[in-house]
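Below is one structure, written out as structure tokens, with a few remarks after it.
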Amino acid sequence: MSLYHKIRIIFVVAFLFASAFFGLFLFIHDNTQKHDMQKRYMQTARFVLINLHNNAPVLSNDAPLIEILKENNFKLQPHTPTTISSIKSLPLIFSRQTPRNGKVEVYQGANRYLVFSDNGVVVMILEDLSKNIFAWEIVFGYVASLVFLIMLYLWLTGSLKPLKALQTQIQQVANGNLSVSMRSKAKDEIGEVANAFDAALRKVESLINSRQLFLRTIMHELKTPIAKGVILTEFVENVDIKKGYESVFERLELLIEEFSKIEQMLSSNYKLKIASYNMIDIIDQAIELMIFNDEEIQKHIKIVQNSKLIVHSDFDLLSLAFKNLISNAIAYSPSHHATIRIENNSVIIENSGKQFTQDIQSCFVPFHASSNGSGLGLYIVKNIVDLLGYKLKYVYDNKNIFIIEF
């Protein structure tokens, strides 16, 4: 789950909690108003009915009573049959018995109406002139909280935008573009990480450029003596010696070309040339890169084609990978012999002898300590296989077995 999704979940939960909190406050406020209203109505009912029993003949003209009702926001209404019928057609929202067979009923219209009965007879109708007070302060607090949460969310997501840009730039670096600049003017932790990463990237870029310059300089300087050697070979009269020199110089030219491919591949500058090839042709090219004559091929290599395998791959790179695997298999075998098996979806290279390694992963790093050679063969093979999207496996079953699965 991304950091953005986690922040969204946190703010959704905060929104729900804020809504529940203010909803509870609104519910409590509403219930409190209803309770206060019922209490006020019951107090008024007791007061009216007490006065009724004490001053029955002059109740409607009782000036002190009317004044008290007015102070409490009640207005006396005539209790004629028409008025009573009209009010009782409204929704009844409250009804309560009082002592001495009294009863108060509250009806909801444009205003509330209190109908007082004594022994079932309507003796007074009051109109409640007070209004319910809406909890605007609670609504304002809720809206203010939502605005605060939204502003906080926008502020946090805005602060994370440089992190998203940094992720995109790192992806470009992973794709081989080392010229990306990650310098940031931000003073927060993301800016510090971006600047530290940019400084490390500049060092890596400098090292890679130095390595490329070094390798290209060596390859360039080697081409001149090789070219002169090839020219001088033409003046050698002994045919056997001449063929030997030509073989040596051809081998050196192939090595330089091989170094060039490896340098491009490791620096992510190599452009894959993908096409469909027969695996036996790739194996033949790998053997040719080893510059074996027919006798040496017969002596050191056995090819068993159990199935015709067509692969969609880069011919030069895959040939180079097999060349290194076959060279290793011959070099590390007591009999200096390797068997190549072409199966339905894999190629197996095996040799006799003791187990090559207990931990094959340690052999995939350059110049590993367990190597008797340069320690680059399996490192090159692993990089090529990963670049082409294949799998490289090693097992030991009374012989060393390397498998490339397609």
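Per-structure values
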read-out: Residue within the range 356-371 that is closer than 15 Å to residue 282 by Cβ and either modelled with pLDDT of 85 or more or surrounded by fewer than 21 Cβ atoms within 10 Å (Cβ to Cβ) (or both) present; value: no
read-out: For residue 353: the one exception among (1) out of contact with any Leu (no Cβ under 6 Å at 6 or more places or on another chain); (2) farther than 28 Å from residue 252 by Cβ; (3) at pLDDT 85 or above; value: (3)
read-out: Residue that is nearest to residue 5 (Cα to Cα), among those in the range 151-195 that are more than 23 Å from the chain's Cα centre (by Cα) and of a type in the set (A, V, I, L, M); value: 151
read-out: Within the range 296-315, considering residues that are modelled with pLDDT of 85 or more and among the charged types (D, E, K, R), the one surrounded by the most Cβ atoms within 10 Å (Cβ to Cβ); value: 314
read-out: Output for the range 169-182, where each listed residue is without any contact (Cβ under 8 Å) to a residue 60 or more places away in the chain and exposed (fewer than 11 other Cβ atoms within 10 Å of the Cβ); value: 174, 179, 181
read-out: Residue match in the range 132-142 (condition: of a type outside the set (S, T, N, Q) and more than 30 Å from residue 12 (Cβ to Cβ)); value: yes
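The values are calculated or read from the model by the stated rules, or taken from the named source; none is laboratory data. All of these numbers come straight from a predicted model, not from anything done at the bench. Please note: Cβ atoms are built from the backbone with ideal geometry, for glycine as well, and neighbour counts cover all protein chains shown.
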